[in-house]
Amino acid sequence: MCSSRRMKNVAQHGWPGGPLDTSLLTRYSEHVARYIWFGTERIEGPKPELRIASLGTKLTGWVSGPGEHHPNIQGWLDESGLRWLQRTSLSKVDPQLLSAFTERWHPETSSFHMPFGEMTITLDDVACLLHIPVRGIFYTHVLVSMEEATALATELLGVPYEVAYLETSRQRGGTFTQQWVYDCWQRNLHMYHRYDCAARAYLLLLVGCTILTDKSYTRVNAKWLPMFRDLSTLNKFSWASAALVCLYDNLNDASMFTTHALAGYSTLLQLPAYRPIMDALTPSDVIWRPFEGHRGSIPSDLITCFSGYLRGCTVVPYLPERCLRQFGFVQYIPPPPPHPAPSYTDIDSLWSGYHTSVDRILQFSRPFVPAYAPPEADPIPQDAPAQDAPPAHAPPSGEQRRMDAIVSGLERFIGQVDAGRDDDVFDDID
């Protein structure tokens, strides 16, 4: 069938094995799921899964342990809100698992389309898994040339211009190898005692090997270096948004048939399921709110329910109204995703006035879903805080559900207040 006749047939009857309404998933013709339906894998051979840019093992050999940093560097690291990234990387990832997830990701909705509905990685997930700040401003990055990257390395990393130019020339662009950035950190720390330059090199290496990983596997983009110019104001950025935008952007790319690799921070995607298992999942198989027992360390924050666009390395839609069960509410039929993306100014304005979008999608008149309660066979830790224990009563009445919704809403508003994190309750991810 010729292309024009095929597209006319699709417009009338939908995609075979795919969406019947072609107005929402506008990129489905290029999506890997369309090819899989007809028995075509994106990578032929015994290992058809994606290549994963996971740098956990490498980072483990580079980062300092608790208390090993120079006090100046430790102070900047603590204030930045990024210190937990030293301990959240997985040394091993499962390419088959991550490939199965990308086959169900759709860029138009920023969500995984599962048999029971949609799910996504939320800002709350990022905060609970990585312990990095959600609140803050978006960083406006600018692509840098080889010469501009050289100048930035000279200014912010204390590297002689000739040495920095040699490095960017070898990389043929505005990037540095991770090993080169590591050597800058070590020289500034131990030889020159330039602790501000050492801190910038360390932080650039840290984010370049975790939340801002790209598919080069060995390089860090110099466009992120200006973020660390003023070390005393690093906590002004929404690092969780930066991580999520990078992950969404890479998932968007990896969901297309012609892509053979996945970057972004794969720690956020390590969930127990594979292609056939995912296809058989039902709503009762899913723990919709897995971090409720973690709230003593990371309280709920209403801003994670913001609906609109996030920006970082690019601009992506963030649509929690499509995945309300992950926020404790019954899912309704969501409106179509907003299109096109607004200007940077409008995106920032909507983010700062997030209450408007939250009020739109979390109205109290909608039924409230209680937090996940483990089945009776699941052990409940003896030392679990009383406020984190799951309810052990019968399903609430309609009036009780309404009161629960009001209480939950108040708790979300109270959660806006920044609270100190109890470091002792944070567990390493091995």
Consider Pro299 carefully, then state whether it is touching a strand residue (DSSP E or B) at 6+ places or on another chain (Cβ under 7 Å) and either assigned to a loop (DSSP other than H, G, I, E, B) or farther than 21 Å from Cys128 by Cα (or both).
no
What residue, among those in the range 302-323 that are closer than 14 Å to Val134 by Cβ, of a type outside the set (Phe, Trp, Tyr) and within 14 Å of the chain's Cα centre (by Cα), is surrounded by the fewest Cβ atoms within 10 Å (Cβ to Cβ)?
Leu310
By residue number, the members of the range 174-214 that are closer than 17 Å to Tyr265 by Cβ and part of a helix (DSSP H, G or I) are Gln178, Leu203, Leu204, Leu205, Leu206, Val207, Gly208
Just name the residue that is surrounded by the fewest Cβ atoms within 10 Å (Cβ to Cβ) out of those in the range 215-235 that are assigned to a loop (DSSP other than H, G, I, E, B) and modelled with pLDDT of 95 or more.
Asp230
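Listed here are the residues, each with its yes/no results for (1) modelled with pLDDT under 80; (2) surrounded by 18 or more Cβ atoms within 10 Å (Cβ to Cβ).
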site	(1), (2)
Thr40	no, no
Glu44	yes, no
Ile52	no, yes
Leu59	no, yes
Ser64	yes, no
His70	no, no
Ile73	no, yes
Asp78	no, no
Arg83	no, yes
Would you call Asp359 open to solvent by 60 Å² or more (accessible area, probe 1.4 Å), of a type in the set (D, E, K, R) and over 23 Å from Pro283 (Cα atoms)?
yes
Restricting the range 324-342 to residues that are open to solvent by less than 60 Å² (accessible area, probe 1.4 Å) and under 19 Å from Thr140 (Cβ atoms), which is nearest to the chain's Cα centre (by Cα)?
Ala341
Exactly one of Glu103, Glu155, Glu148, Glu162 is touching a strand residue (DSSP E or B) at 6+ places or on another chain (Cβ under 9 Å) and either at pLDDT below 95 or more than 30 Å from Ala280 (Cα to Cα) (or both), and that one is Glu103
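The values are calculated or read from the model by the stated rules, or taken from the named source; none is laboratory data. Everything numeric here is computed off the predicted structure, so don't read it as measured data. We place every Cβ from the backbone using ideal geometry, glycine too, and count neighbours over all the protein chains shown. Heads up: the accessible areas ignore ligands, DNA and RNA and are worked out on the full protein's heavy atoms, side chains in. Shrake-Rupley method; radii C 1.70, N 1.55, O 1.52, S 1.80 Å.
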